[in-house]
Amino acid sequence: MRYYNDSEAEKVAENFFKYYYHDRGKMKWGGFFLSEHRKALRDFHHEQVQEENNEKKH
């Protein structure tokens, strides 16, 4: 493994972020939103089923 001094490390990092790193940005946020939305829908459906079952019992 190669070790860099501070100025070399800064150049390597700058080069990496400038040419190779791809920030997924909206795709990553969209995946998070979809996951949270799906969970909310599942919870809502579960609550609706419980309410229907409680109404049938009474």
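All of the numbers you see were taken from the coordinates with simple rules; none came from a lab. Predicted model only: the values in this text are computed from it and were never measured.
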If one takes the longest principal axis of the Cα atoms in the chain, at what angle in degrees, from 0 to 90 and to the nearest 10, does the Cα axis of helix 25-57 lie? 20
Give the share of C-alpha pairs in each 5 angstrom bin for the chain, from 0 to the last occupied bin, in whole percents, shortest bins first. 4, 15, 10, 10, 9, 7, 8, 7, 7, 5, 5, 4, 4, 3, 2
